[in-house]
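The values are calculated or read from the model by the stated rules, or taken from the named source; none is laboratory data. Here the structure is a predicted model, which means the values were calculated and not measured. Ideal geometry is used to build each Cβ from the backbone, glycine not excepted, and the neighbour counts take in all protein chains shown.
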Amino acid sequence: MTSKIELAAKFINTTAQHVFLTGKAGTGKTTFLNDLAAATHKNFLVVAPTGIAAINAGGTTIHSQFMLPLGSFIPETSGRQSHAQGGFFSAHDLNRRHSLNRERRKVLRSLDLLVIDEVSMLRADILDAIDSRLKSAKGNYEQSFGGVQLLLVGDLYQLPPIIKPQEWEVLQKWYNSIHFFNALALQKAGFVYLEFDKVFRQTNATFIELLNNLRANRCTAQDIALLNQYYQPKAEEAGVINITTHNHKAKAENHRQLKGLKGKSHFYEATVQDEFPESMFPLPERLEFKVGAQVMFIKNASDGSYFNGKLARVKALKPQSICVETDEEAELWVESYTWKNIRYKVQEQSQEVEEEVIGTFAQFPLKLAWAITVHKSQGLTFEKARLDLGEAFAPGQVYVALSRLRSLEGLRLSSKVSAQSIYSDAQITGFVEQHQQDELLEQRLQEGRQIYAQTLVQEIFSIAALSKQISYTRQKMAGKLTFSDDDLNHFLERWQDQIQGEQGHLNTFVKQLVWALHQVDYTHFQNRLKAGCSYYQNFFVQCYSQLMVQTRWLEQLKKVKTYLGYLEELEQLVVQQLKELAQAQPFFKSFLAEKPFKGEAEVQKSLDALRLQAQELCQTYLHENPKDLSNTGRKRKKKGETYEQSYALIHEGLSLSEIAKKRDLALSTIESHAARGLREGELKLPEVLSPADQKKLAALFEKYYQPKEGLKPVFAASKGAISYGKLKIWEAHLQSLKKD
């Protein structure tokens, strides 16, 4: 049977299914995550719920990456309702008050895979907020998380998410519990539950069985008796760390022990550069040590000389280095280590998501370690530990603390364990029992592969995202594309028509490819794929060169930064389209042969050649069609001119939608012109509204309109059947009647 680690890699690389990767402490989840970059061809980034977890995972925080405000997310589906009061926010608030900047949109738009580490601490509402962000950035509201695959990594039996009673009082309307697996988006999409079950940290069968029983909430009287054999009165013992439930206890013990040592204290100040917030500090900014102090490493050494959680004792303290001695009596000279705070950006040439270091924190990777809390012990491994668990207050605390040890021989209990202190969250045990279906994993993998292959074909030859972004750009620039040069004024309209003109051919071609994909012999599929990729590479190279020409011309003008920014986003989508076309053949060759895809270098080489081809076409066109726009620029409209143009066309009998198309403006803009014309007496009601619309609006306003409340109640009553623009026109009509 395929190993769980191999299965996890296959689910990530050959399906689009969301995966919850879990497992007991020490089963290799972190190792799998660290190896992911070398194991996947997908564009991915890593986030975590807290700053420390993000630093440890080599990623960034969820709130930072998705620009989420502090508070709770309300998963309203009823439109534009705002909740930006009292610590709650909605999708409407994210779009209007906390919109993403262009760089973050580019990163999220290029994303194939989102990795969330330490997911046990992630709340369901925050996962739904991520869903909202990704749908918006991708422009894909049909699929959960905008079509981005999730890899959720963590152990639910470890520390749970935190929520205040007043927050839960509101959120329980939507969620059965606050655990991430109750997120509405995840429940709708479904996911694969994949548990790593080979324990690497512990090898003793008795200890492993004990931990399994603790984790699954089925601890027996024999288990408790076995644990309590290791109860012993507290005694000082070198090389043993005290694991306690509360932070104040750990701090007090470390302070007491350090104070009891003779000799002089040495202080080490961290060097913090650029953006590295205090919430992400892996260590205190100021460390105090004495010779003889018991310390713990909080990093793995690249040469394997120490690991995260290894205990040692300080032998010598110098300004630039610290000498410690381990239990194996080995002396190590430790130097300062630099942690990095990163953000993600899209690399222009490859369109890959890459890390950018925005701040650093340099400090010795050591901390006082006579005592540590259960919370901060997560992810660490100890040879010997004294557990003070008499005041365990959260589900799973006893399990987390015990699972830090390699063996029972290293266990010391400072207080006896009772059945009352060993408990797990019943919702978690129920969730695990429901989803733990190892016998179905191979079947789900094959089903996921088939769906992924078909979906991938449809996405490679889809212009939906590009066309939607062009429409968005035209809407945002409506009324502003008023250059002296008509090639600039009408580019977007003509470019969109050219691209959308391929829609019919694409639909037919995709149907042919999907049919070929379901045949026993893949030869026909591969031949058709090759032909299609060749044709559409040439097509999009032409589109790309046209976009480049516009950009070069615009760069001669002033006050076009906003428009250039929108064109840059369109360029990203065109380059992504070219990359998908370049990757299609080598990827499907590996995919259909059920072999790992290793063709990234080949794809990058092809993409570079396509971009060069587009640049050459651009240069040739510019040479043959020179324009000097440096002394022209934007047309300046006389005050009121744009309204007068609309009024004139209305008088000619054109409908508002016909005027919007003719003037290349949004319909809402023309509707606002009509409302203004009615208020100012320039227009008559029959010129802008049909008798049927007048009848509907009169009835709605008579029943629901209150001037103090505005148009919102009327719009809600119409259930979206009548636009805000038409409502404003009728409101303007009523205002004009009052003037008369």
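Give the residue, chosen from F461, F491, F509, that is touching a residue at least 60 places away in the same chain (Cβ under 8 Å) and among the aromatic types (F, W, Y). It would help to see each step written out before you state the result.
Details: F491 fails: touching a residue at least 60 places away in the same chain (Cβ under 8 Å); F509 fails: touching a residue at least 60 places away in the same chain (Cβ under 8 Å).
Answer to the check: F461.
I'm checking my understanding of the structure. Among residues of region 661-681 that are among the acidic types (D, E) and either surrounded by 18 or more Cβ atoms within 10 Å (Cβ to Cβ) or on the phi > 0 side of the Ramachandran plot (or both), which one is modelled with the highest pLDDT? Before you say what the answer is, go through the steps one by one.
At the first step, the residues of region 661-681 found to be among the acidic types (D, E) are 664, 671, 680.
Subsequent filtering for residues that are either surrounded by 18 or more Cβ atoms within 10 Å (Cβ to Cβ) or on the phi > 0 side of the Ramachandran plot (or both) retains 664, 671.
Working: D664: 71, E671: 86.
The selected residue is E671.
For a quick check of your reading of the model, give me the residue pairs whose first member lies in region 635-650 and is within 22 Å of L488 (Cα to Cα) and at pLDDT below 75, whose second is among the hydroxyl-bearing types (S, T, Y) and surrounded by 12 or more Cβ atoms within 10 Å (Cβ to Cβ), with beta-carbon atoms closer than 9 Å and at least 6 apart or on different chains.
Pairs found: K635/T482; K635/S484; R636/T482; K637/T482.
Tell me yes or no: at least one residue of region 278-294 is among the charged types (D, E, K, R), touching a Phe, Trp or Tyr at 6+ places or on another chain (Cβ under 6 Å), crowded, with 16+ Cβ neighbours inside 10 Å and not assigned by TED's automatic domain parsing to the domain that holds E571.
There is no residue in region 278-294 that is among the charged types (D, E, K, R), touching a Phe, Trp or Tyr at 6+ places or on another chain (Cβ under 6 Å), crowded, with 16+ Cβ neighbours inside 10 Å and not assigned by TED's automatic domain parsing to the domain that holds E571.
Can you go through D112, D128 and tell me which one is under 12 Å from the mean Cα position of the chain (by Cα) and farther than 17 Å from N43 by Cα? Show your work before the answer.
Details: D112 fails: farther than 17 Å from N43 by Cα.
Result of the check over D112, D128: D128.
As an exercise: evaluate L45 against (1) touching a strand residue (DSSP E or B) at 6+ places or on another chain (Cβ under 6 Å); (2) free of Cβ contacts under 8 Å to residues at least 12 places away in the same chain; (3) of a type in the set (A, V, I, L, M) and give the number of the one condition it does not meet.
The number of the failed condition is (2).
How many of the residues making up region 331-349 are free of Cβ contacts under 8 Å to residues at least 12 places away in the same chain and not polar (S, T, N, Q)?
Narrowing region 331-349 to residues free of Cβ contacts under 8 Å to residues at least 12 places away in the same chain: 347-348.
Narrowing the set further to residues that are not polar (S, T, N, Q) leaves 348.
Going through region 331-349 one residue at a time, the tally reaches 1.
Give me the residue from region 208-244 that is hydroxyl-bearing (S, T, Y) and in a loop (DSSP other than H, G, I, E, B) and, out of that set, farthest from the chain's Cα centre (by Cα).
Of region 208-244, the ones hydroxyl-bearing (S, T, Y) are 220, 230-231, 244.
Now narrow it down to the ones that are in a loop (DSSP other than H, G, I, E, B): 220, 230.
Numbers: T220: 41, Y230: 45 Å.
If we take residues in region 208-244 being hydroxyl-bearing (S, T, Y) and in a loop (DSSP other than H, G, I, E, B), then Y230 is farthest from the chain's Cα centre (by Cα).
If you scan region 518-551, which residues turn out to be part of a helix (DSSP H, G or I) and aromatic (F, W, Y)? Don't jump to the end; show me each part of the working.
Restricting attention to region 518-551, the residues satisfying the condition of being part of a helix (DSSP H, G or I) are 523-551.
Correct list: F525, Y535, Y536, F539, F540, Y544.
Would region 331-338 turn up any residue that is surrounded by fewer than 15 Cβ atoms within 10 Å (Cβ to Cβ), closer than 27 Å to A54 by Cβ and acidic (D, E)? Give the derivation first.
Step one: filter region 331-338 for residues surrounded by fewer than 15 Cβ atoms within 10 Å (Cβ to Cβ), giving 331, 333, 335-336, 338.
Add one more test, that the residue is closer than 27 Å to A54 by Cβ, and what stays is 335-336, 338.
Adding the requirement that they be acidic (D, E) leaves 335.
Scanning region 331-338, I find at least one residue that is surrounded by fewer than 15 Cβ atoms within 10 Å (Cβ to Cβ), closer than 27 Å to A54 by Cβ and acidic (D, E), so the answer is yes.
So, restricting to helices (runs of 4 or more DSSP H) that lie completely within region 14-133, which ones have at least 1 residues that are at pLDDT 90 or above and in contact with a helix residue (DSSP H, G or I) (Cβ under 8 Å, 6 or more places away or on another chain)? Walk me through how you get there before you give the answer.
Values: elements: 29-34, 36-39, 51-57, 62-66, 91-96, 102-109.
By residue number, 62-66, 102-109.
Yes or no: Q537 surrounded by 17 or more Cβ atoms within 10 Å (Cβ to Cβ) and under 33 Å from the mean Cα position of the chain (by Cα)?
Values: surrounded by 17 or more Cβ atoms within 10 Å (Cβ to Cβ): yes; under 33 Å from the mean Cα position of the chain (by Cα): yes.
For Q537, the condition - surrounded by 17 or more Cβ atoms within 10 Å (Cβ to Cβ) and under 33 Å from the mean Cα position of the chain (by Cα) - is met.
Quick one: would you say G720 is in a loop (DSSP other than H, G, I, E, B), exposed (fewer than 14 other Cβ atoms within 10 Å of the Cβ), at pLDDT 85 or above and outside the structural domain of N489 (by TED's automatic domain parsing)?
On the way: in a loop (DSSP other than H, G, I, E, B): yes; exposed (fewer than 14 other Cβ atoms within 10 Å of the Cβ): yes; at pLDDT 85 or above: no; outside the structural domain of N489 (by TED's automatic domain parsing): yes.
No: the conditions fail for G720.
State all residues of region 697-717 that are touching a residue at least 12 places away in the same chain (Cβ under 8 Å) and exposed (fewer than 12 other Cβ atoms within 10 Å of the Cβ); if no residue qualifies, say none.
Passing the criteria: only K703.
Go through (1) aromatic (F, W, Y); (2) over 25 Å from K106 (Cα atoms); (3) buried (at least 16 other Cβ atoms within 10 Å of the Cβ) one by one and return the number of the condition F491 breaks.
Result: F491 passes all but (2).
Applying the selection to region 283-310, what residues are within 21 Å of F382 (Cα to Cα), modelled with pLDDT of 90 or more and either in contact with a Gly (Cβ under 9 Å, 6 or more places away or on another chain) or among the hydroxyl-bearing types (S, T, Y) (or both)?
G292, Q294, M296, F297
Restricting to region 343-369, and then to whatever is crowded, with 19+ Cβ neighbours inside 10 Å and of a type in the set (A, V, I, L, M, F, W, C), can you tell me which residue is nearest to K290 (Cα to Cα)?
Here the answer is L368.
Out of curiosity, is S177 touching a helix residue (DSSP H, G or I) at 6+ places or on another chain (Cβ under 7 Å), in contact (Cβ under 8 Å) with a residue 24 or more places away in the chain, over 17 Å from V432 (Cα atoms) and among the hydroxyl-bearing types (S, T, Y)? If you could, list the steps in order and put the result at the bottom.
Values: touching a helix residue (DSSP H, G or I) at 6+ places or on another chain (Cβ under 7 Å): yes; in contact (Cβ under 8 Å) with a residue 24 or more places away in the chain: yes; over 17 Å from V432 (Cα atoms): no; among the hydroxyl-bearing types (S, T, Y): yes.
So S177 does not fit the description; no.
Tell me yes or no: at least one residue of region 187-197 is out of contact with any Pro (no Cβ under 9 Å at 6 or more places or on another chain), in a helix (DSSP H, G or I) and not hydrophobic (A, V, I, L, M, F, W, C).
yes
With respect to the numbered conditions (1) surrounded by fewer than 15 Cβ atoms within 10 Å (Cβ to Cβ); (2) among the hydrophobic types (A, V, I, L, M, F, W, C); (3) assigned to a helix (DSSP H, G or I), which one is the sole condition not fulfilled by I162?
(3)
How about region 225-240: which of its residues are under 12 Å from L413 (Cα atoms) and surrounded by 10 or more Cβ atoms within 10 Å (Cβ to Cβ)?
Filtering region 225-240 down to residues under 12 Å from L413 (Cα atoms) leaves 226-235, 240.
Answer for region 225-240, where residues must be under 12 Å from L413 (Cα atoms) and surrounded by 10 or more Cβ atoms within 10 Å (Cβ to Cβ): L226, L227, N228, Q229, Y230, Y231, Q232, K234, V240.
Just to be sure, is Q615 among the polar types (S, T, N, Q) and at pLDDT below 90? Quick ask: steps written out before the conclusion?
Values: among the polar types (S, T, N, Q): yes; at pLDDT below 90: no.
Criteria not met by Q615.
If the requirement is being over 28 Å from S64 (Cα atoms) and in a loop (DSSP other than H, G, I, E, B), which of these qualifies: K264, K259, K299?
On the way: K259 fails: in a loop (DSSP other than H, G, I, E, B); K299 fails: over 28 Å from S64 (Cα atoms).
Just one listed residue meets the conditions, K264.
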